[in-house]
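What follows is a short report on a single structure.
The values are calculated or read from the model by the stated rules, or taken from the named source; none is laboratory data. Remember, predicted model here, so these are calculated numbers, not experimental data. With ideal geometry, Cβ positions are generated from the backbone for all residues, glycine too; neighbour counts draw on all protein chains shown. Side chains included, ligands, DNA and RNA excluded: accessible areas come from the protein's heavy atoms. Shrake-Rupley method; radii C 1.70, N 1.55, O 1.52, S 1.80 Å.
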Amino acid sequence: MTELQAAKLKELKGTFRGAVLLPGDNAYESARKIWNAMIDKHPAVILRCAATSDVVLAVNFARENGLILAVRSGGHNIAGNAMCDDGVVIDLSQMKAARVDPDARRVNIEGGATLADLDAATQAHGLATPLGINSTTGVAGLTLGGGFGWLSRKCGMTVDNLESAEVVTAAGEVVRASATEHPDLFWALRGGSGNFGVVTRFEFRLYPVGPDVLSGLIVYPIAEAKSVLQGYRQFIAKAPEELSVWTVLRQAPPLPFLPAEVHGKGVIVLALLYAGAPKQGEPLIKPLRKFGTLAGEHVGVQPYTAWQQTFDPLLTAGARNYWKSHNFSTLKDGLFDVVIEYVEKLPSPQCEIFFGALGGATTRPAPDSAAYAHRDAMFVMNFHGRWEDPADDERCIRWARDFFNASAPFASGGVYVNFLTADEGLRIRAAYGPNYDRLTQVKRKYDPGNLFRMNQNIKPA
Ligand SMILES: Cc1cc2nc3c(=O)[nH]c(=O)nc-3n(C[C@H](O)[C@H](O)[C@H](O)COP(=O)(O)OP(=O)(O)OC[C@H]3O[C@@H](n4cnc5c(N)ncnc54)[C@H](O)[C@@H]3O)c2cc1C
């Protein structure tokens, strides 16, 4: 930072309500760490905001001083866009307040909340909106890229349930975006991934869910992966929208319900949630137990919030992570052969391949009804490379890249923007699909100088 910029920062401190964290400050080191330990950036200053007024000050400070700007919410983005080198980070992690209106079935929540914060607030009223599968993820980043999880087949993508947003624009103005206020901005926010301003508040529609739901895991040995995947394909094509089943292929973690001899061995796991009355779900999930020789099962009725945290222990912050992802409209046998070949070569015990199931309500909106365009995607496959030792970087990254190339002929060509890594600039058009050109027009209107460029960037037209 230059002397002039440092003087301006001193001035900002006079009115800033949150914390100003500089290199050398106690909290700076932990504040610059994000979920993916591969990311090691050193911002000039982290502005940990306490209110929308702080975000306005921070945006103006970065713009007026020509500093690069990043926005951090949950810090989960695999590409590490929540941090920057030598610039300003707007850190929203302390802004998590939620207000639920149970009669109107709406929640209004601040931009730094995690999925766990949102679920806790809404489940107090037996309500929920579709979110992702790891409760420490940020609501903001997930929503702005599209957002999907266990409720999506029934209730749509997270963006399909966004009613309005409070946004601090590149000019430092606070605006409300909805179907009737700044509708172009509202369209772009729903899938345009952080390119259009800092969202300080989200308002979502809610649905009655739980609070207890039928959910759990059904596990088969990897030797039966092909027939299990074939059974899964047939099953999910006819499954009701209330039922979501994802598959995960990996080495079995030492889960207490699995026999000790299965621990560390290859498995294919069916993870399921039924978003209706548990009694109605029981008969529907029975066929899932008949795909082969069960290695173990842990299915029951449990609080929705507990299920939302089931995968947290496998997805803790601080490991090294590298992802590759494809969308699929159908799953072909040839793809299963490639999946099995690469599961046999998993480069670390923490690596996994998963198929998240979409369909149902996620496919109904028109592809141009919001910036999120992938209404043809029935499955999102993510190859989740995850390991601890930097010495394994090359080996694990190579596995993910090779698998990506081998599975590409079976994919739809689209990709979920929130699963792109930092080195996938060439896939940005595939991520925004046919909506890219319209997004560049909205970008020109709201951020002509591309202040918000630490993201999967849309260049102003
Ligand atoms: C373990 C794990 C599990 C996941 N599971 C799912 C899943 O089930 N479903 C799913 O849809 N996705 C899932 N994701 C992907 C997730 O949606 C993205 O990583 C998302 O970017 C995370 O948002 P965040 O707020 O935590 O990230 P951050 O890294 O804080 O931010 C992500 C991006 O959004 C921008 N941004 C953040 N906050 C704001 C804001 N308030 N206003 C404007 N821009 C902002 C940032 O600048 C950055 O570019 C998962 C990710 C992880 C790591």
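Please state the shape class of the range 1-112: rounded when a/c is under 1.5, otherwise prolate if a/b exceeds b/c and oblate if not, all from the C-alpha gyration tensor. Oblate shape, in that a/c is at least 1.5 and b/c is the bigger or equal ratio.
For the pair Lys459 and Val301, the difference between a 0.36 nm per residue extended length and the Cα-Cα distance amounts to 52.1 nm. Quick one: go through the range 380-413 and flag any residue whose amide nitrogen is under 13 Å from the point 7 Å out along the Cα-to-Cβ line of Glu341. 402-410, by backbone N distance to the label point.
Once both labels are positioned 7 Å from their Cα atoms along Cα-to-Cβ, the gap between Asp25 and His125 label points is 3.5 nm.
Dividing the mean sequence gap of close Cα pairs (under 8 Å, 6+ apart) by how many residues the range 146-224 holds gives a relative contact order of 29 percent. For the pair the range 398-446 and the range 250-269, the centres of their Cα atoms are 33 angstrom apart. Between the range 61-114 and the range 345-397, the C-alpha centres lie 23 angstrom from each other. Pairs from the list Lys13/Lys443; Lys13/Lys41; Lys13/Lys96 with a Cα-Cα gap above 25 Å: Lys13/Lys443. Evaluated with a Cβ-only charge set (Lys, Arg +1; Asp, Glu -1), the chain carries a dipole of roughly 660 debye about its Cα centre, given to the nearest 20.
Here the contact order of the range 84-205, divided by its residue count and restricted to Cα pairs under 8 Å and six or more residues apart, works out to 25 percent.
The angle between the Cα long axis of helix 52-64 and the longest principal axis of the Cα atoms of the chain comes to about 70 degrees, rounded to the nearest 10. In percent, what relative contact order does the chain have, based on Cα pairs under 8 Å that are 6 or more apart in sequence? It rounds to 16 percent for the chain. Between Ala408 and Asp103, the FRET efficiency from the beta-carbon distance, with R0 = 35 Å, is close to 0.10. Altogether, the Stokes-Einstein calculation at 4 °C and 1.567 mPa s, with the Kirkwood radius of the range 19-68 over Cα pairs as Rh, returns a diffusion coefficient of 108 µm²/s.
Calculated on the Cα set of the range 355-423, radius of gyration then Dmax: 14.8, 46 Å.
Counting 0.36 nm for each residue step from Lys13 to Gln94 and taking away their Cα separation leaves a gain of 27.4 nm. Between Gln441 and Asp312, the modelled label-to-label distance comes to 4.4 nm, taking each label 7 Å out from Cα in the direction of the beta carbon. Multiplying each eigenvalue of the alpha-carbon gyration tensor of the chain by 5 and taking the square root yields semi-axes of 37, 24, 21 Å, largest first, rounded to whole angstroms. To the nearest ten degrees, helix 333-343 and the longest principal axis of the Cα atoms of the chain are 70 degrees apart.
Classify the range 240-306: rounded, prolate or oblate, from the alpha-carbon gyration tensor (a ≥ b ≥ c, eigenvalue square roots; a/c under 1.5 rounded; otherwise prolate if a/b is larger than b/c)? Prolate.
Rg/Rh, computed from the Cα trace of the range 182-305 with Rh as the Kirkwood radius, has the value 1.10.
Give the calculated FRET efficiency between Asp376 and His263 to the nearest 0.05, with a Förster radius of 30 Å applied to their Cβ-Cβ distance. Efficiency, rounded to the nearest 0.05: 0.20.
Using the 1.4 Å probe convention, the accessible area of the chain works out to 38 Å² per residue with neighbouring protein chains retained. Bridging of Lys290 to aspartates and glutamates at a Cα separation below 19 Å is possible for Glu224, Glu282, once same-chain residues fewer than 8 apart are set aside. Measuring nothing but protein heavy atoms, the accessible surface of the chain at 1.4 Å probe radius is 53 percent carbon and sulfur.
Taking the charge dipole of the chain about its Cα centre, with +1 at Lys and Arg Cβ atoms and -1 at Asp and Glu Cβ atoms, the residue from Ala6, Ala306, Met378 reaching farthest to the positive side is Met378.
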